[in-house]
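Asker: Would you mind keeping the following structure in view while I ask a few things?
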Amino acid sequence: MADVNDINNVVEALKFMVLGMGVVFLFLFVLVKVVELQAKLIAKYFPKNTPKIPATPAGDSADDEQRRVAAIIAAVAEFRKNKS
Amino acid sequence: MKLKQIFTALLFALVALTSSAYAEEHKAVTNPEASSVKKEYHPKSLSELAVSFWETTGIKAIFDTNDGEMSADPAGELKEHKLGAFESSFGRIIMIMIVFLLFYLAIAKGFEPLLLIPIAFGGLLANIPLAHMAGPDGMLGVIYNMGIANEFFPLLIFMGVGAMTDFGPLLANPKTALLGGAAQFGIFGSLVGATALGFDLQDASAISIIGGADGPTSIFIANRLAPDMLGAIAVAAYSYMALVPVIQPPIMRALTTKEERQIKMGIQRPVHRLEKLIFPIIVLMLSIMVLPESTPLIGAFAFGNFAKESGVVDRLSDTMQNSLINIVTIFLGLGVGSKLAADKFLVLESLGIMIIGLIAFAAGTAAGVIMAKIMNKFSKEPINPLIGAAGVSAVPMSARVVSKVGAEERPGNVLLMHAMGPNVAGVIGSAVAAGVLLSIFK
């Protein structure tokens, strides 16, 4: 009797395995599909607002100022050269 | 006016008097029980006093093997049985040694110290003779009945884990979720193994959930299906989770070729905030439809994750991730530790649980890696088979191990984010597997 029970248990466990792995895979498969669909929908209706490029890039104002000064000096020098 | 006041005062006094009289009467009824607690004392000589003191010492309780002490079970008198000679003496000593071993592993070797220290200390307290700390009125028993017997603490932990989990890597590459499913083979494969070893189906299911590599899920299931084996199952689950860096790499190397291990994976796409926000709701909806039995676990998990991703209740999600989960971890550990009493842990089944747990864990890792190999064959983008090993849900330990092995094979190959996908899918997968097992024994 005990032997019969053991054999049955293993067979039952195999059935559990089929059911369990089936459900787990089905669940995750559906999940994957839904998530992919969701990603598409969101990409379509809520497009990523691309980060705006600031009109005046911050951080190089000092650099700009120097360049402007250099340009003015060069222009003035050129002007004087032409005059003389 | 004055008369009225006096009248009301009188009325109050009368009410107070009668109620106190009633209380007195009530006390009188309960009194006999109270007085029976008070022991009658008669004069004793000094030697008699010394002897009666000796009777209550721990040394005597441990070495006098047949003192008829009762087993302390949080469930109360229903399950109480007289401790055998072994259980009440050497059993306790062996258990205390095991507890010290757990301390050593947690402190010197860094094995999941956050859980092993409270569990082991709970075990130490549970093995104190005469104090009955694991009994229904003892500290450990109270904790056990408060949150483990009714499965409350594992769910709170799951909530905190949800609040800590970032599903971004999974959403960026949803296919990898299937790897988290494959790793659940560890659960069902070892279920077959456990029944072959002679465990009955219900016990085998409780043990094999260790293969899911998920502490709270294991405790949740063990408590439903085999509460007597809870201690051994929890200790096995957390020990093997701690052993992930030791158990997994050899299996990963054995099942893959060097070229496969060196596969580089692309950069993940950025994930929209809305995707992350909706994801926990999707998971919950699916489990409501397919498997309501798993919704306690998944519901708590989804709540934690939703609170985090909503971005407007940072205080709550912060509490779930930190203070709440810490408090619950202390209680959970001590409560589980109460099941480390000698009469419950030192049974042959515990050895079987340890062995099957290890097989379950190894089988889960192997199944994940093999699945990843198959997916790599059929997928357009390359998939490094190593990330399959992260399908067991030991978050984030197994993802880190994958990343480490990958970096060893090819310096600069960072697989961590790719491995996090299957890793968090593994959490969902093992919760679903748990739901399936529960639905079978409904």
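Asker: Taking A:VAL11, is it at pLDDT 85 or above and either within 30 Å of B:LEU178 (Cα to Cα) or in a helix (DSSP H, G or I) (or both)?
Answerer: Yes: the conditions hold for A:VAL11.
Asker: Is it true that B:VAL392 is within 27 Å of the chain's Cα centre (by Cα), at pLDDT below 90 and within 14 Å of another protein chain (Cβ to nearest Cβ)?
Answerer: Criteria met by B:VAL392.
Asker: Oh, and also: Kindly indicate the residue of region B:188-207 that is open to solvent by 40 Å² or more (accessible area, probe 1.4 Å) and over 21 Å from the mean Cα position of the chain (by Cα) and also farthest from the other protein chains (Cβ to nearest Cβ) among those meeting that condition.
Answerer: Top of the filtered list is B:LEU197.
Asker: Additional query: Restrict the check to region B:153-173 and report whether at least one residue is within 14 Å of chain A (Cβ to nearest Cβ) and not in a helix (DSSP H, G or I).
Answerer: yes
Asker: Of the residues B:ASN423, B:ASN376, which single one is modelled with pLDDT of 90 or more, farther than 23 Å from B:ALA194 by Cα and open to solvent by 10 Å² or more (accessible area, probe 1.4 Å)?
Answerer: Answer to the selection: B:ASN376.
Asker: Quick test for you: out of B:LEU243, B:LEU230, B:LEU225, pick the one residue that is at negative phi and within 13 Å of another protein chain (Cβ to nearest Cβ).
Answerer: After applying the criteria, what remains is B:LEU225.
Let's see how each residue does on (1) open to solvent by less than 10 Å² (accessible area, probe 1.4 Å); (2) within 17 Å of the chain's Cα centre (by Cα); (3) within 30 Å of B:ILE128 (Cβ to Cβ):
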{"site": "B:ILE288", "(1), (2), (3)": "no, no, no"}
{"site": "B:PRO296", "(1), (2), (3)": "no, yes, no"}
{"site": "B:ALA300", "(1), (2), (3)": "no, yes, no"}
{"site": "B:ASP318", "(1), (2), (3)": "no, no, no"}
{"site": "B:ILE327", "(1), (2), (3)": "no, yes, yes"}
{"site": "B:GLY337", "(1), (2), (3)": "yes, yes, yes"}
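Asker: Here is a further query. Please go through region B:73-111 and pick out each residue that is open to solvent by 80 Å² or more (accessible area, probe 1.4 Å) and at pLDDT 70 or above.
Answerer: If the condition is that a residue be open to solvent by 80 Å² or more (accessible area, probe 1.4 Å) and at pLDDT 70 or above, then B:PHE86, B:PHE90, B:MET97, B:PHE100, B:LEU101, B:TYR104, B:ILE107, B:LYS109 are the ones that fit.
Asker: Only residues that are more than 25 Å from B:GLY211 (Cβ to Cβ) and in contact (Cβ under 8 Å) with a residue 24 or more places away in the chain: list them for region B:365-414, please.
Answerer: B:SER379, B:GLU381, B:PRO382, B:GLU409, B:ARG410, B:ASN413
Asker: Scanning region A:32-47 for residues that are under 12 Å from B:ILE278 (Cβ atoms) and at the interface with another protein chain (Cβ under 7 Å from one of its Cβ atoms), which turns out most open to solvent (accessible area, probe 1.4 Å)?
Answerer: Filtering region A:32-47 for residues that are under 12 Å from B:ILE278 (Cβ atoms) and at the interface with another protein chain (Cβ under 7 Å from one of its Cβ atoms), the one most open to solvent (accessible area, probe 1.4 Å) comes out as A:PHE46.
Asker: Could you tell me whether B:LEU178 is under 11 Å from B:GLY429 (Cβ atoms) and open to solvent by 10 Å² or more (accessible area, probe 1.4 Å)?
Answerer: Spelling it out, B:LEU178 is indeed under 11 Å from B:GLY429 (Cβ atoms) and open to solvent by 10 Å² or more (accessible area, probe 1.4 Å).
The values are calculated or read from the model by the stated rules, or taken from the named source; none is laboratory data. Every value quoted in this text rests on a predicted model; they were computed, and no experiment measured them. When we count neighbours, we look across all protein chains shown, and the Cβ atoms used for this are built from the backbone with ideal geometry, even at glycine. For the accessible areas, the whole protein counts, side chains as well, though only heavy atoms, and no ligand, DNA or RNA atoms are used. Shrake-Rupley method; radii C 1.70, N 1.55, O 1.52, S 1.80 Å.
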